[in-house]
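One structure is given here, and the rest of the page talks about it.
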Amino acid sequence: MTDPRTPARVALVTGASTGLGETVAEFLGGAGWRLVLTARTESDLTAVAKRLTDRGAAVVAVAGDVGEAAHRERLIAEAGSLGRLDWLVNNASQMGVSPIRPLLDHPADVFEKVLRTNVVAPVALAQLALPLLRESGGLVVNLSSEAAVDVFPCAGIYGASKAALDQASRIIAAELADSGVGVTSVDPGGIRTRGYAEAEPGFDLSGVPTPDVTLPFWKWLAGTSSPEVSGRRYLAQAGPWDVR
């Protein structure tokens with residue numbers, strides 16, 4: 001039985017205004033977690049936060065770009081004001097140029113921007129969050145992609161960034177092995193999102209599942225300790241996940 005004196009768990013979810021981030025936020029809020037949510041589009045983020053608070057969830061919503069150091073610092077400060085941090089969910093990402101195009105057709109500054117959002121920001125947030133995560137035995141959840149391991153022409157910048165994030169996740173997990181803090185990568189599989197539609201506007205997404213197809217995975221992960229999952233990469237649509 002849960003001790004009623006124990007504060008509810010806290011999660012910081014980036015890219016929480018639509019798609020998978022919104023789904024994760026809704027699941028955690030419904031399970032009684034307190035939330036710090038962020039996304040670049042303030043109107044979308046505000047709508048998600050209002051819907052969750054109307055359902056009784058405790059939500060702090062802070063619009064901004066995780067690629068900016070000052071915004072990352074504010075997010076961790078907001079989590080700190082709640083007294084703890086149990087999950088850092090690095091979901092915010094950028095595809096590059098939409099519609100997608102060959103890797104060598106991208107301007108270099110776009111590549112740098114994608115890497116800043118998809119790789120630098122998650123690592124920097126984990127660095128800032130580490131003291132709070134140590135106290136709670138928390139978990140860093142880095143959202144990966146099938147593009148990190150398979151070759152998808154015209155998705156090269158995104159795929160390269162997610163492959164880099166996967167490797168960073170494994171390295172940090174090894175470095176934190178004795179700390180009680182876990183780091184894991186999660187590949188949600190093909191899901192229907194706004195970013196997917198913008199990246200391939202001519203593609204029929206009607207047969208692609210919505211992000212809630214991943215809910216069984218998030219329910220499983222929320223009931224699993226950080227050390228059990230640290231250093232591993234999960235396919236959210238392909239359980240059972242506790243098989244070694």
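Put simply, the amide H of Val140, placed in the peptide plane, has neighbours under 5 Å in Leu88, Gly182, Val183, Thr184, leaving out anything fewer than 5 places away on its chain. The long axis of helix 156-175 is offset from the longest Cα principal axis of the chain by roughly 30 degrees. Each stretch of four or more DSSP H residues adds -39500 (n - 2.57); spread over every residue of the chain, this sum gives -12500 deg cm²/dmol at 222 nm. Protection proxy ranking, highest mean first, for peptides 59-68, 176-185: 176-185, 59-68, where packing is the per-residue count of other beta-carbon atoms within 10 Å, averaged.
Orientation-averaged projection of the range 127-184 equals 4.0 nm² [convex hull of Cα atoms, one quarter of hull surface area]. Across the range 1-106, Cα-Cα pairs more than 16 Å apart make up 58 percent of the total.
As a ratio to 2.2 N^0.38 Å, the alpha-carbon radius of gyration for the range 86-202 is 1.12. Per the Debye calculation on the chain with a single equal scatterer at every Cα and no solvent contribution, log₁₀ I(q)/I(0) for q = 0.14, 0.15, 0.16 Å⁻¹ amounts to -0.89, -1.04, -1.20. Report the relative contact order of the range 114-244, percent, no decimals, based on alpha-carbon pairs under 8 angstrom and at least 6 residues apart. It rounds to 27 percent for the range 114-244. Computed from the Cα positions only, the extents of the range 158-239 along the three principal axes stand at 48, 28, 16 Å, in decreasing order. For the range 1-80, the relative contact order is 28 percent, taking Cα pairs closer than 8 Å that sit 6 or more residues apart in sequence and dividing their mean separation by the residue count. A protection proxy built from the mean count of other Cβ atoms within 10 Å ranks the segments 131-141, 8-18, 210-220, most packed first, as 8-18, 131-141, 210-220. Simple spin-label estimate for Glu228 and Ser43 gives 4.3 nm between the two label positions (7 Å along the Cα-to-Cβ direction from each Cα).
FYI, it's all coordinate maths here, none of it is from the lab. A quick note: this is a predicted structure, and the numbers were derived from the prediction, not measured. Ideal geometry is used to build each Cβ from the backbone, glycine not excepted, and the neighbour counts take in all protein chains shown.
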